[in-house]
Amino acid sequence: MKTQNNIKIAVIGLGYVGLPLAVELGKKYPTLGFDIKEARVQDLLNGIDSTKEVSPEELSQAGYLQFSHLEKELQDYNFYIIAVPTPIDKHKQPDLRPLRGASSLVGRVLSGGDTVVYESTVYPGATEEVCVPLLEKESGLVFNKDFTVGYSPERINPGDKKHSLTTITKVTSGSTPEAAEYIDSIYASIVKAGTYKASSIKVAEAAKVIENTQRDVNIALVNELTLIFNRMGIDTNEVLDAASTKWNFLPFRPGLVGGHCIGVDPYYLTHKAQETGYNPEMILAGRRINDNMGIYVVSQVIKLMLQKQILVKGARVLILGLTFKENCPDVRNTKVVDVIRELESYGTQVDVYDPWVDKEEARREYGIELIDNPSPASFTAIVLCVAHTEFQTKGIEWIRSLGKDPFVLYDVKNVLPAQSVDGRL
């Protein structure tokens, strides 16, 4: 059986998942953090993490960690962890190009006796059906004879400093009993919360994809309740507060469902389900509801503007927050963009303010020009889309001071005093 002696780990992909993992492993084992983006590697060599998941102090504590963007430097390693993005395309189908590319890359440097572990979210079966053939093709080695594979789904929650890599139970798995034990021992050595060894790679893959699918469906239910209760003139959040007094009521709240996980992972499961000939009705229905919430938010804002006799066309609207969630710079699959585009379709002038987001990334990804600071008494509608701590700290008086009477203030996140806003989700 393999042991931790002489292990050399390479983490492929240094985003929200890969970097924290490389840092923890680099405190204990010789570790190479690898990314194809040279600029990302250079920033990390200078102690800068643009995702703000890891501080300069934490980077400096990983004494065995190195960084590189050069493929040749991967050749000396024997335990590879692939943590690249797994997005969806414009047709809402799995886009496995980053995963395929990383598998081919590792295949080119793979040697006999090596282990490859995947952390990227995939549908059940993808590791063995898509990735392993690429590893075999590029390396000329035979799966489970010359090398083994495992799957350990990431559970990183961007911006969450309480629930971090080491404090969340880590699911592990391997392609052979020996590989499963070996992989589990590596993760167990850095994860204080412990590990859970799944019976197979497919079980581990399925466990990951249903975690976010379950959340997505539950949020969709609450979003649909919001659509119903708003028609009845009932405040949804007051209803939820009342219902939450029962011990087993699940505390989900309405909102925009974006990001790289909850808004994407269900499509991986539905893709595989449809391949088997089953049409997953509840999951897809939940996705449709959540995907349309941005349009619903704008319909509410426009209605409130008309009620105050505010001219919609040409109105100046302020969007507070662009990221998919609070207190992180991640704009992947943010549904705030849906709000912006829908408002623009009404002929409004939309300004977006988010102190967490890199201006160049917003411009590159969405063609959005962020403003530096919103001017007081300038907007006839203000929509709080993201509950950044900065916005809450500045408070309701600061937010209202940005409005030009008459104006509408709409709270998507339900963090402002109810009596101080015109509407909320």
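Summed over the stretch 312-325, residues that are closer than 15 Å to GLN300 by Cα and either assigned to a loop (DSSP other than H, G, I, E, B) or without any contact (Cβ under 8 Å) to a residue 24 or more places away in the chain (or both) total 1.
Taking THR31, is it among the β-branched types (Val, Ile, Thr) and modelled with pLDDT under 95?
On the way: among the β-branched types (Val, Ile, Thr): yes; modelled with pLDDT under 95: no.
Here the answer is no, as THR31 does not meet what is asked.
Looking at the stretch 363-380, which of the residues that are closer than 17 Å to LEU256 by Cβ and modelled with pLDDT of 95 or more is least open to solvent (accessible area, probe 1.4 Å)? Here the answer is ILE368. Of the helices (runs of 4 or more DSSP H) lying entirely inside the stretch 1-114, those containing at least 3 residues that are in contact (Cβ under 8 Å) with a residue 60 or more places away in the chain, of a type outside the set (Gly, Ala, Ser) and touching a Leu at 6+ places or on another chain (Cβ under 7 Å) span 18-25. Going through (1) of a type in the set (Gly, Ala, Ser); (2) within 15 Å of GLY255 (Cβ to Cβ); (3) at pLDDT below 95 one by one, ALA418 falls short only on (2).
Within the stretch 30-52, which residues are open to solvent by less than 10 Å² (accessible area, probe 1.4 Å) and more than 21 Å from PRO158 (Cα to Cα)?
Those that are open to solvent by less than 10 Å² (accessible area, probe 1.4 Å) and more than 21 Å from PRO158 (Cα to Cα): THR31, LEU32.
A single member of LEU165, LEU141, LEU134 is touching a residue at least 40 places away in the same chain (Cβ under 8 Å) and more than 26 Å from ILE283 (Cα to Cα), and it is LEU165.
Taking the criterion of being of a type outside the set (A, V, I, L, M, F, W, C) and open to solvent by 80 Å² or more (accessible area, probe 1.4 Å), the residues of the stretch 280-307 that qualify are GLU281, ARG288, ASN292, LYS303, GLN307. A count restricted to the stretch 349-372 and to residues that are in contact with a His (Cβ under 9 Å, 6 or more places away or on another chain) and not hydrophobic (A, V, I, L, M, F, W, C) stands at 2. Looking at the stretch 208-216, is at least one residue touching a residue at least 24 places away in the same chain (Cβ under 8 Å), farther than 20 Å from ALA126 by Cβ and not polar (S, T, N, Q)? Checked the stretch 208-216: at least one residue is touching a residue at least 24 places away in the same chain (Cβ under 8 Å), farther than 20 Å from ALA126 by Cβ and not polar (S, T, N, Q). Just one of (1) at pLDDT below 95; (2) closer than 19 Å to VAL317 by Cβ; (3) assigned to a helix (DSSP H, G or I) fails for TRP398. It is (1). As for the stretch 142-158, it holds no residue that is open to solvent by 20 Å² or more (accessible area, probe 1.4 Å) and small (Gly, Ala, Ser).
Restricting to the stretch 192-206, name every residue that is within 19 Å of PRO177 (Cβ to Cβ) and in contact with a strand residue (DSSP E or B) (Cβ under 8 Å, 6 or more places away or on another chain).
Hits for the stretch 192-206 are THR195, TYR196, LYS197, ALA198, ILE201, ALA204, GLU205.
Considering the stretch 308-362, and only residues there that are at pLDDT 95 or above and at positive phi, the residue that is nearest to the chain's Cα centre (by Cα) turns out to be GLY321. Filtering the stretch 220-261 to residues that are assigned to a helix (DSSP H, G or I) and acidic (Asp, Glu) leaves GLU224, GLU238, ASP241.
With the requirement that a residue be in a loop (DSSP other than H, G, I, E, B), of a type in the set (D, E, K, R) and open to solvent by 10 Å² or more (accessible area, probe 1.4 Å), what does the stretch 326-353 give you?
GLU326, ARG332, LYS335
Within the stretch 308-325, the only residue that satisfies the criterion of being out of contact with any Ser or Thr (no Cβ under 9 Å at 6 or more places or on another chain) and open to solvent by 10 Å² or more (accessible area, probe 1.4 Å) is GLN309.
Cβ separations smaller than 9 Å between residues 6+ apart or across chains give the following pairs from the stretch 382-397 residues that are over 17 Å from PHE324 (Cβ atoms) to residues that are open to solvent by 10 Å² or more (accessible area, probe 1.4 Å) and of a type in the set (D, E, K, R): ILE382/ARG400; GLN392/GLU326.
Considering the conditions (1) outside any helix (DSSP H, G or I); (2) surrounded by 22 or more Cβ atoms within 10 Å (Cβ to Cβ), SER199 is excluded by exactly one of them, (2).
The residue that is farthest from PHE143 (Cα to Cα), among those in the stretch 62-110 that are crowded, with 18+ Cβ neighbours inside 10 Å and hydroxyl-bearing (Ser, Thr, Tyr), is THR86. If I filter the stretch 122-138 for residues that are open to solvent by 10 Å² or more (accessible area, probe 1.4 Å), part of a helix (DSSP H, G or I), at pLDDT 95 or above and of a type in the set (A, V, I, L, M), do I get at least one hit? Yes, the stretch 122-138 contains a residue that is open to solvent by 10 Å² or more (accessible area, probe 1.4 Å), part of a helix (DSSP H, G or I), at pLDDT 95 or above and of a type in the set (A, V, I, L, M).
The values are calculated or read from the model by the stated rules, or taken from the named source; none is laboratory data. Keep in mind that this is a model prediction, so the values were computed, not measured. Cβ coordinates were reconstructed from backbone atoms using ideal geometry, including for glycine residues, and neighbour counts include every protein chain displayed. The protein model used for the area step is the full one, side chains on, heavy atoms only, and it has no ligands, DNA or RNA in it. Shrake-Rupley method; radii C 1.70, N 1.55, O 1.52, S 1.80 Å.
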